[in-house]
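Comments concern the structure below.
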Amino acid sequence: MHEKLQNIADMLKSAKDIAVFCHTNPDGDTISCALSLCRALGKLGKTVTPICDCEIPEKYRFMEGADKFELPGKRVHEAALAVDCSDLARLGGAGKCFLSAKRRAAVDHHKSHENFAETDYTEADAAACAEIVFLLLDGMGLVDDGVAALLFAGIVADTGCFQYPSTTRRTHLIACELMKRDINSSEIIYRVHRRLSEEVFRLKTRVLNSCRFFDGGKIALISFFKKDFDETGTSSSDTEGIISSAIDVDGVEVAFAVSEVKDKNFKVSIRTKDYADASDIASAFGGGGHLRAAGCRLNGYYEDVVDKLLKAARDRM
């Protein structure tokens, strides 16, 4: 085990009260990491609390322990571990709670990671943070069937079921190790990537029907407005994954999903193929992420936001 990862393992072993923090607008990777740590460390008799500053998306509530998440509070924890967070801001409203802990560590796989804990361990080549958490928990001898199922869900979520270019030989080897346990891999894949409620299905068809293409089809843009959520009975947490349908179109090199958070405030997801770096586009607006998947937030009128995104993409293709 890497020295820094061993230091994190030692911190977790010595602490009795541990908080594990997800990033805001949580995805399957950060959720799986937090819940696998909670299950594994709980077996050692630790008090482990998963913390996130917003609601867990419905599609991930099948994961064991998903109902145990708490909002950040005033409690000072003995140890805190942030998972899949590239910087302190990604913790959202949980940042203050994280910083109040007596000992703090972070495990991440974003190349844009900025150190914000006492011990930060980052592997930018890892396809999912769940890969790193596997190395940590496997080194501690804490991977059981339940932990394996959770980590498999995280890897499946962040690799697009092993389809994204970030997927490596090690990703498959770790998945193979997890599948040696008693897990229902096909059910996990279905839950993470294929299952849709009728409401989300209607949202997906609605926004894809209004997808806009620019520059001869090289750039695709899908948009989610408050009325889309209101009229389909969905929320912004239901938008994850829909952007994949846009980047999969032949000829599209950059895809944007612009989601209205509130008046003149938009959350942007970015996906790219061969000729642009998604994290480079996102960093132009204070965001970050990976080579092929990133995100940021922009303020302003919708069309002005679109113009800024288009310019950033054109400058980098």
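The values are calculated or read from the model by the stated rules, or taken from the named source; none is laboratory data. Since we're looking at a predicted model, the values are computed, not measured. Virtual Cβ from ideal backbone geometry, glycine too; neighbours counted across all protein chains shown.
Quick test for you: out of ALA294, ALA282, ALA276, pick the one residue that is over 19 Å from ALA89 (Cβ atoms), buried (at least 22 other Cβ atoms within 10 Å of the Cβ) and not assigned by TED's automatic domain parsing to the domain that holds ALA126. Only one candidate qualifies: ALA276. Looking across the range 6-34, the residues that are within 13 Å of VAL83 (Cβ to Cβ), out of contact with any Pro (no Cβ under 6 Å at 6 or more places or on another chain), in a helix (DSSP H, G or I) and of a type outside the set (S, T, N, Q) come down to ILE8, LEU12, GLY28, ASP29, ILE31, CYS33. The lone criterion from (1) in a helix (DSSP H, G or I); (2) surrounded by fewer than 24 Cβ atoms within 10 Å (Cβ to Cβ) left unmet by ARG75 is number (1). Comparison of CYS97, CYS54, CYS38, CYS85 shows that the only residue that is assigned to a loop (DSSP other than H, G, I, E, B) and either surrounded by 21 or more Cβ atoms within 10 Å (Cβ to Cβ) or of a type in the set (Val, Ile, Thr) (or both) is CYS85.
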